[in-house]
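Shown next, in structure tokens, is the structure this report addresses.
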Amino acid sequence: MILRDTPSRWEIFLILNGSIVPQILPNIIGAAMWALIVLLLDQMVSWVPRISIGVMGVFGLSLSLFLGFRNNAAYDRWWEARKIWGKMVADVRSFAQELRIFANSHEDEEFILTHILAFHHLHRGQLRRDDVRNDVTHWVGTDAAEPLIADVNAPNAALRAISGRLRKMSEARKIDGFGQKALAERLACFPAAQAGNERLLTTPLPFVYSLLVWRTTYLYCLLLPFALLDSAGWFEPLVAAVAAYVFFGLAQVTHELEHPFRDKAAGIPLSALCRTMEISVCNALGRPAPDRLEPVNYILE
Amino acid sequence: MILRDTPSRWEIFLILNGSIVPQILPNIIGAAMWALIVLLLDQMVSWVPRISIGVMGVFGLSLSLFLGFRNNAAYDRWWEARKIWGKMVADVRSFAQELRIFANSHEDEEFILTHILAFHHLHRGQLRRDDVRNDVTHWVGTDAAEPLIADVNAPNAALRAISGRLRKMSEARKIDGFGQKALAERLACFPAAQAGNERLLTTPLPFVYSLLVWRTTYLYCLLLPFALLDSAGWFEPLVAAVAAYVFFGLAQVTHELEHPFRDKAAGIPLSALCRTMEISVCNALGRPAPDRLEPVNYILE
Amino acid sequence: MILRDTPSRWEIFLILNGSIVPQILPNIIGAAMWALIVLLLDQMVSWVPRISIGVMGVFGLSLSLFLGFRNNAAYDRWWEARKIWGKMVADVRSFAQELRIFANSHEDEEFILTHILAFHHLHRGQLRRDDVRNDVTHWVGTDAAEPLIADVNAPNAALRAISGRLRKMSEARKIDGFGQKALAERLACFPAAQAGNERLLTTPLPFVYSLLVWRTTYLYCLLLPFALLDSAGWFEPLVAAVAAYVFFGLAQVTHELEHPFRDKAAGIPLSALCRTMEISVCNALGRPAPDRLEPVNYILE
Amino acid sequence: MILRDTPSRWEIFLILNGSIVPQILPNIIGAAMWALIVLLLDQMVSWVPRISIGVMGVFGLSLSLFLGFRNNAAYDRWWEARKIWGKMVADVRSFAQELRIFANSHEDEEFILTHILAFHHLHRGQLRRDDVRNDVTHWVGTDAAEPLIADVNAPNAALRAISGRLRKMSEARKIDGFGQKALAERLACFPAAQAGNERLLTTPLPFVYSLLVWRTTYLYCLLLPFALLDSAGWFEPLVAAVAAYVFFGLAQVTHELEHPFRDKAAGIPLSALCRTMEISVCNALGRPAPDRLEPVNYILE
Amino acid sequence: MILRDTPSRWEIFLILNGSIVPQILPNIIGAAMWALIVLLLDQMVSWVPRISIGVMGVFGLSLSLFLGFRNNAAYDRWWEARKIWGKMVADVRSFAQELRIFANSHEDEEFILTHILAFHHLHRGQLRRDDVRNDVTHWVGTDAAEPLIADVNAPNAALRAISGRLRKMSEARKIDGFGQKALAERLACFPAAQAGNERLLTTPLPFVYSLLVWRTTYLYCLLLPFALLDSAGWFEPLVAAVAAYVFFGLAQVTHELEHPFRDKAAGIPLSALCRTMEISVCNALGRPAPDRLEPVNYILE
């Protein structure tokens, strides 16, 4: 995730980091060149047929409709991913509270809370293909970490270990029925969050929208120069470039937000959120807490 | 569900799989032909009356309003279906956790979790008319499967079997009141999800919207050529074809997403989600898990 | 609720059932006649002042804004009504499950589940002024039905009977505290759903929106012909009729969806949903279940 | 809240009750006069500079954006207020059910349910500055009512009385732990609803939006006549009046809905909803119930 | 938060407090000057190339799309922040109710409720960098306050103190299992709210949107004068200034609402909400309550 203050008036056109201009530069240049070719053809060679700007207005409206819809849907996905991870942070803290209220056995607390951290690191590995072996081993030790990492559904294996532990605590009368119920309810929050993230990971926006949006954007930019001949004159390449910037830019932004776990610059900062959880767990266990992760070169991973 | 990476710049116009062009090709060709006829009539035979492009702009706005609304509503249905199934996956995993915490009797766990799989397969059969006999039989055995499949409300029969089992476990003191309460709460998630899916299955978008959208789209495409005579010139058939692509395309996409369980290419991948549940259940029961379903020819069923 | 497959290309303009054309035909004809009068006045009698089509574009935008907002709000109401009833179906099934898990006394199950059916029929009567005496009597018997039907708040009386029964079951030790809590929680779902439906029934969209929308639509159609004189020529009556179809059509659709319980063609199929509940209750009680209600002449009540 | 059937075709322009025309009449007349002045200046005195209608289209779009956003936000506030009050009605009924299931002591039921009515009347007084002394006294008696009314946070004082009573019931073994838990959960619904209503009461839409909307609307109406000179001719004052009606009308409607508790004509009918609760409580206590409140002159308070 | 009544017709253009005009005045003046330069160049020096106003309409539409989306997203953030704090107020009141119902030990009530106030003040300090030492010390005393303030995650430390206290109450048999469960459930509301606010604090809208919006707004204002040459004449600088007001104004408003905790004029009034909680706690503990905070110079902190 990119974290930057709002740029000053003069910086706005200079910032490249966090801008989508580099990715869509070929499209912008291509649109300007195509407009220039049409303009020169018309001026130098022979009369080129026109389309009225009103016609382009109708297409522009449809294009806005598509882009607007896709943008809203993609942003909702991104924000939902952030919400789920925010809720996970809260659930880790509540889990620690409830362990203190209902269990009050430091060893069990430690087992459960470190396994919850293992769950989150493994889940981060599942979502972003990060290598999380070191993180998992750091918290639960090598012996416990290996079978987890080897499991088909590694995050789930960590939760299974916790539910087994809760069973044992209950059999050893360390928790009563109320504690069992409360902790089981909290534990159920994590598969729910995991399933939510898996949904965002495995179910992108319907592919047909991507096709519709990209195709319409290309068609729009192909036809636009014929509409600009009469209505923009020598501004034509500039206007075509601005139009390409606006429409391809939005299409590209949308494409990045659609996959909130894929890209480290545009995506949700999973490593930083896992660190936040680690701090909370250390606080609860009375251990020294690591530092927060800070953005590097404006990017928080 | 179609799963594809974003196509490269050159592929965008070539992809047919996942595109709605084949379905609406007659409309695109028809619109272009009609525009050509009007154009030729005007140029060759005699002056044809005009409509100003501004008038079409007003209609285009209304059409966008209709299409945009219907598109949002259809996408919401599709996404809600995916959310419900994602929650079902989470509930299966939580059910397994809670059985371990509260019951810890392998035989009961096995009965309940395999019947939950039967419920999901039967529900998939209810939603998509898939033949699920083999899947149900595979998990609960022929003797238990037959009465379920024969039931009027087959998925519900599977849940009834589970609630009967929970009653017996409680009578045999295998679970206490807390376990009974926790497992009953989890079990109630499944009828809720089933009713949600039945709602999406049996209650489409109000029919009157379909009529309004299709009629307005046809009227728009019928009138458009008279507006293009002055404002698009020889581009007329091309512009009419693009307009038909854009408007009929969106109407068609919407129509497919509206029914998230009907079509295997556009719909929710129920078979793959059931498989995900099977893997989770196998993990919980300590059985070898089957492989995930992978997309075939970009389509995940 | 109208249930129809998407019409084929040729049927789209022929379907009347489920169309709003009949209701707004006077408006469409009126708009076309008024446009014809203005056109003839201009052509035959004397020059008529013009409004530029750009001005109408600004009004068209505002009108779209009003209609779009009102349409979204009305559809949300309709869909919320369907959601509430879908949740009621799920709650009936969960109630049956929980009675089996916690109570396991057939007589009590029967009393409670048939009274839940009575509640839903009485609530349907409250919402849609259906005569539900026969349905209520059929399920709970005449003796129990009469005081319910006579009550000021009949559906609530049915729920009161259930809560009294739960009290007695608890006093007779047929359910323990856990069962009492679980069943009381489920029972609280029904007043919540009832209050939601009463909200949709008694609180329509603010009246001022209806005035604003209808007045603006009429003003738009009154002024439109003066804008079409130059921009549509002899197409004028046709264009005015299409505009009237589009704008009055959406206003009318919205008006119907706004009241999800008023109209049997546009509204929620309460009878069919009550039947679904009856089937679930019969399944739970081991009685033979009635058949689903099927649409008659495409209309499901 | 205004309750009226949809007016017939002929009534639409005659209804004043529930219309916002009276409030914005000065603006409509002002806009028409200003347009007339500009028109006469141009025709009689000297050429006046023009703005093209296309420019106004761009402003009109922005204005629609502002008005549309503010309208959605205001309607959401109004509807949320109605939802909260609807949920309160449901919670009162569920409270009565749960008292019957868990407590079954008529005296306690009476104390709690009448204090819940007192809470709602006091909350209504807090929201709408109604004088509720008589209502509160009627239900809980003068002795109990005086300290409540004198409290800084009067509605909260009523809830405190209930929680003290629940404590006493628990100490007297009239309710067990399950009942205590169930009734405490229900009781927590009321502070949540109260805080929701307080949020709507004390946090209006950001003031800056009001400024932006009103300023842009005035600027639009000031500039419009210069754009209409060429594009509306002698229709100019009429068109300006219609534009003022549309834009000021929506701004005014929004302003009224934004404060769902301020105005009796546009706001939520709190008195009628409190009466609905009174009826439910009387039913639960076996007392004769008062009549529903009916709209007076189409207005339900 | 600015609290003002709707201004009268004459005040609308005079209010500066709460207006965004001061912040964007350089942009408005710059746009007007640039338009004047282009106009004078065209009139005095030589013919300047034109862009048709239709082209600007297409850009205006895109710009509206961007601004509209960003505005909705920012307002949703602001409103969500207010909702979370409103829920916190309700949770404090419910916590007090539940302590009375389940615990009834004045000393414990006092400890827990004052620590909840400390939590909220510390959380306010975390969100808005307010100095909260005095507030925390006032409620829990210096001895308890210092370790809280020194903690890495200060608000969490306050909650940890409460969960430790609940454990002790349970060990001392001051609360039974039901009370333990109920109070633990309530206590879990606060980490959830804290995580929600942290999400709003640390995750702004994606930076790329800001770039896209500001860049497009600047490009629009740069190109607009060339479009106004023919369509606005001598109104050109005025129209350019109005356009700058509208577009930069909305961009600036959005920027302020996006950070609901940053600014005291535009943000959520955290101090006033903490005071509301203090009053509720004092009421519950039978202490004299402080006064509500009132807006100073229309600003409520």
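The values are calculated or read from the model by the stated rules, or taken from the named source; none is laboratory data. Every value quoted in this text rests on a predicted model; they were computed, and no experiment measured them. Positions of Cβ are backbone-derived with ideal geometry, glycine not excepted, and every protein chain shown enters the neighbour counts. Each accessible area value is taken on the protein alone, full model and side chains, heavy atoms only, with ligands, DNA and RNA left out. Shrake-Rupley method; radii C 1.70, N 1.55, O 1.52, S 1.80 Å.
Structure summary
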| quantity | calculated |
| --- | --- |
| Contacts under 7 angstrom Cβ, first residue in segment C:41-58 being hydroxyl-bearing (S, T, Y), partner at pLDDT 85 or above, 6 or more apart | C:S52/C:A227 |
| Filter pass, E:F95 being open to solvent by 10 Å² or more (accessible area, probe 1.4 Å) and farther than 19 Å from E:R262 by Cβ | no |
| Number of positions in segment B:1-60 that are surrounded by 19 or more Cβ atoms within 10 Å (Cβ to Cβ), within 30 Å of B:P269 (Cβ to Cβ) and within 12 Å of chain C (Cβ to nearest Cβ) | 2 |
| Options D:N134, D:N72; residue that is closer than 23 Å to D:L270 by Cα and within 14 Å of chain E (Cβ to nearest Cβ) | D:N72 |
| Segment B:140-175, residues that are in contact (Cβ under 8 Å) with a residue 60 or more places away in the chain and either over 16 Å from C:R100 (Cβ atoms) or among the small types (G, A, S) (or both) | B:K174 |
| Flag if A:A243 is facing chain E (nearest Cβ under 8 Å), open to solvent by less than 10 Å² (accessible area, probe 1.4 Å), under 30 Å from A:G57 (Cα atoms) and small (G, A, S) | yes |
| Residue in segment B:200-220 that is farther than 26 Å from A:I53 by Cα and open to solvent by 30 Å² or more (accessible area, probe 1.4 Å) present | yes |
| Options E:L238, E:L224; residue that is among the aliphatic types (A, V, I, L, M) and buried (at least 20 other Cβ atoms within 10 Å of the Cβ) | E:L224 |
| Subset of segment D:80-90 that is open to solvent by 10 Å² or more (accessible area, probe 1.4 Å) and either more than 20 Å from the chain's Cα centre (by Cα) or more than 8 Å from every other protein chain (Cβ to nearest Cβ) (or both) - its residue that is nearest to D:A192 (Cα to Cα) | D:I84 |
| Search result, residues across segment B:253-280 that are under 17 Å from B:Q23 (Cβ atoms) and surrounded by 20 or more Cβ atoms within 10 Å (Cβ to Cβ) | B:V253, B:T254, B:H255, B:L257, B:E258, B:A266, B:G267 |
| Candidate set: segment A:249-258, residues that are within 13 Å of the chain's Cα centre (by Cα) and facing chain E (nearest Cβ under 8 Å); chosen: the one nearest to A:A74 (Cα to Cα) | A:L257 |
| Boolean, C:L257 is more than 24 Å from B:P191 (Cα to Cα) and among the aliphatic types (A, V, I, L, M) | yes |
| Flag for C:L211 being at pLDDT below 95 and assigned to a helix (DSSP H, G or I) | yes |
| Residue in segment B:72-79 that is polar (S, T, N, Q), more than 24 Å from B:E185 (Cβ to Cβ) and surrounded by 22 or more Cβ atoms within 10 Å (Cβ to Cβ) present | no |
| Residue list for segment D:225-274, restricted to those being out of contact with any Ser or Thr (no Cβ under 9 Å at 6 or more places or on another chain), over 30 Å from D:V55 (Cβ atoms) and of a type in the set (A, V, I, L, M) | D:L257, D:A265, D:A266, D:L270, D:L273 |
| Qualifying residue in segment B:162-169 (condition: closer than 30 Å to C:L16 by Cα, of a type in the set (S, T, N, Q) and within 7 Å of another protein chain (Cβ to nearest Cβ)) | no |
| Yes/no for D:I116 being aliphatic (A, V, I, L, M) and either without any contact (Cβ under 8 Å) to a residue 12 or more places away in the chain or closer than 24 Å to D:A289 by Cα (or both) | yes |
| Inter-residue pairs, beta-carbon under 8 Å, first within 7 Å of another protein chain (Cβ to nearest Cβ) and touching a residue at least 24 places away in the same chain (Cβ under 8 Å) and in segment C:209-232, second open to solvent by less than 10 Å² (accessible area, probe 1.4 Å) and not in a helix (DSSP H, G or I), 6+ apart | C:L212/D:I20; C:W214/D:I12; C:F226/C:I51; C:S231/B:I51 |
| Qualifying residue in segment C:259-269 (condition: in a helix (DSSP H, G or I) and either more than 30 Å from D:F235 (Cα to Cα) or within 13 Å of chain B (Cβ to nearest Cβ) (or both)) | no |
| Subset of segment C:270-292 (residues that are touching a residue at least 60 places away in the same chain (Cβ under 8 Å) and either touching a Phe, Trp or Tyr at 6+ places or on another chain (Cβ under 6 Å) or not in a helix (DSSP H, G or I) (or both)) | C:L273 |
| Matching residues in segment B:188-197 - criterion: being surrounded by fewer than 24 Cβ atoms within 10 Å (Cβ to Cβ) and in contact (Cβ under 8 Å) with a residue 60 or more places away in the chain | B:C189, B:A193, B:G196 |
| For E:R186: the one exception among (1) more than 12 Å from every other protein chain (Cβ to nearest Cβ); (2) in contact with a Phe, Trp or Tyr (Cβ under 6 Å, 6 or more places away or on another chain); (3) within 23 Å of A:K83 (Cβ to Cβ) | (1) |
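Residue by residue, here is whether (1) part of a helix (DSSP H, G or I); (2) β-branched (V, I, T); (3) on the phi < 0 side of the Ramachandran plot; (4) open to solvent by less than 30 Å² (accessible area, probe 1.4 Å) holds:
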position	(1), (2), (3), (4)
D:V136	yes, yes, yes, yes
D:V140	yes, yes, yes, yes
D:A144	yes, no, yes, no
D:A158	yes, no, yes, yes
D:S170	yes, no, yes, yes
D:K181	yes, no, yes, yes
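Yes or no, residue by residue, for (1) more than 20 Å from C:L65 (Cβ to Cβ); (2) within 22 Å of the chain's Cα centre (by Cα); (3) modelled with pLDDT of 90 or more:
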residue	(1), (2), (3)
D:F235	yes, no, no
D:P260	yes, yes, yes
D:K264	yes, yes, no
D:I268	yes, yes, yes
D:M277	yes, yes, yes
D:E301	yes, yes, no
